[in-house]
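The values are calculated or read from the model by the stated rules, or taken from the named source; none is laboratory data. Quick caveat, the model's predicted, so the values are computed rather than measured. Neighbour counts run over all protein chains shown; Cβ positions are idealised from the backbone, glycine included.
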Amino acid sequence: MKIITCLKEVPARDARYQLASEGTGIKESDLTFEINECDEYSLEESLKLGEEHGGEVAILTVGRRRAEKSIRKGLAMGADRGMLIRDEEGQLNSPHAVAVALAEVLKGEEFDLILAGTQSDDWSYAQTGVLLAELLGIPHATIVMEIQADPAQKKVKALREMESGWFQWVELPMPSVLTIQAGISQVRYASLKGIMQAKKKELRTIELSDLDVDWSSVPQVEVVRVYFPEVDKKAEILEGTTETVVEQLVEKLKKEAKVL
C-alpha cells in the first residue's frame with residue numbers, strides 16, 4: 001500500500017497566546033509548534049496500516065520552513081519520506097487554498113489512501129480533507145474511528161462517529177480520503193533509532209511557485225479581527241439566611257433579569 005498522511009503544524013497545546021500588534025492574529029515569535037492533535041492520530045493510523053499491509057507512508061505538509069521539525073518527528077516515528085509545500089508568508093490561509101496545493105502535489109504521486117486529521121487545533125475548519133477529496137475526484141469518509149483495509153480488493157472500511165452516540169460503517173474503493181478523529185488509538189513515541197534514521201530520510205521542499213496554480217483565482221479567507229472573548233456578565237454571591245437569599249433572588253429575576 002501507498003499511504004499519504006497530511007499533517008499540519010500548530011501552536012503547542014499548552015502555549016499561552018498573545019495577540020499580534022495588528023490585531024488579526026496571534027504573536028508567534030515566542031510560541032513553540034507541534035503536530036496538530038488529530039493529525040498525529042492520522043499519522044499513527046497510517047503507520048499501522050503500513051506495518052500491517054506493507055508499502056510506503058509519506059508525509060505531506062503545507063507550512064513554513066519550521067514545519068520540517070514536525071515532519072522529521074513523523075519520519076522518526078516510522079514514515080518513509082516527507083514533502084513540505086513551503087508557504088513562508090502564510091499565503092494559503094483557507095482550507096480551499098491548502099487543499100488546492102495538496103491536490104496539485106498529489107497529482108504526481110501514486111497512493112491508495114490519503115489520511116488527514118478531522119480538524120485542526122487552531123482554526124478548526126474541518127474542511128481540508130473533504131475539499132481535497134473533491135479536487136482529486138475520489139470518495140471520502142470523515143470522523144473515522146477505525147479502519148479496515150483490503151489492498152487486494154482495493155477496498156477500505158471505515159467506522160465513522162455520528163451524532164448522539166451512533167456509529168456508521170462505510171465501505172469505499174481505493175484510492176480514497178479518510179479524516180481521522182483524535183483519540184482512536186495510542187500514538188507511538190519516536191525511538192532513538194528512529195530519530196537517527198529520520199535524519200537520512202528524504203524530505204523534499206516544494207515552493208508555491210513550483211505549482212501550476214493561479215492563486216488569484218483560489219478563494220482565501222480575510223481575517224478582520226482576532227480578540228479574546230469580552231466579558232460582559234458578572235457573578236454575584238447572595239448572602240444571608242435562606243429566606244433572605246430567596247427574596248433577593250426573586251427581586252433580581254424580576255427587576256434585573258426580567259424573567260419573572
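A few notes on this one:
- For the criterion of being modelled with pLDDT of 95 or more, closer than 23 Å to Leu60 by Cβ and outside any loop (DSSP other than H, G, I, E, B), Leu178 passes.
- Of all residues in the range 17-46, those satisfying the criterion of being of a type in the set (A, V, I, L, M, F, W, C) and more than 17 Å from the chain's Cα centre (by Cα) are Leu19, Ala20, Ile26, Leu31.
A quick yes/no check of all residues on (1) among the acidic types (Asp, Glu); (2) closer than 26 Å to Met77 by Cα; (3) touching a helix residue (DSSP H, G or I) at 6+ places or on another chain (Cβ under 8 Å):
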{"residue": "Gly117", "(1), (2), (3)": "no, yes, yes"}
{"residue": "Thr142", "(1), (2), (3)": "no, yes, yes"}
{"residue": "Asp150", "(1), (2), (3)": "yes, yes, no"}
{"residue": "Met162", "(1), (2), (3)": "no, no, no"}
{"residue": "Gln168", "(1), (2), (3)": "no, no, no"}
{"residue": "Ile184", "(1), (2), (3)": "no, yes, yes"}
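- Single residue of the range 184-234 satisfying the filter (in contact with a Leu (Cβ under 8 Å, 6 or more places away or on another chain) and more than 25 Å from Ala116 (Cα to Cα)) that is modelled with the lowest pLDDT: Phe228
- Matching residues, the range 3-15, being over 15 Å from Asp122 (Cβ atoms) and of a type outside the set (A, V, I, L, M, F, W, C): Thr5
- Residues that are small (Gly, Ala, Ser) and either in a strand (DSSP E or B) or over 12 Å from the mean Cα position of the chain (by Cα) (or both), drawn from the range 118-163: Ala133, Gly137, Ala141, Ala149, Ala152, Ala158
- For Leu172, the conditions (1) farther than 19 Å from Cys38 by Cβ; (2) outside any strand (DSSP E or B) all hold with the exception of (2).
- Screening His96 against (1) over 22 Å from Arg13 (Cα atoms); (2) modelled with pLDDT of 95 or more; (3) out of contact with any Pro (no Cβ under 7 Å at 6 or more places or on another chain); (4) part of a helix (DSSP H, G or I) leaves a single unmet condition, (3).
- The set of residues from the range 1-32 being in contact with a Leu (Cβ under 6 Å, 6 or more places away or on another chain) and among the polar types (S, T, N, Q) comprises just one member, Thr5.
- Qualifying positions in the range 194-215 - surrounded by 12 or more Cβ atoms within 10 Å (Cβ to Cβ) and closer than 13 Å to Lys73 by Cα: Gly194, Ile195, Gln197, Ala198, Lys201, Leu203
- Looking only at residues in the range 192-226 that are under 21 Å from the mean Cα position of the chain (by Cα) and either part of a loop (DSSP other than H, G, I, E, B) or without any contact (Cβ under 8 Å) to a residue 24 or more places away in the chain (or both), the one that is farthest from Gly90 (Cα to Cα) is Val226.
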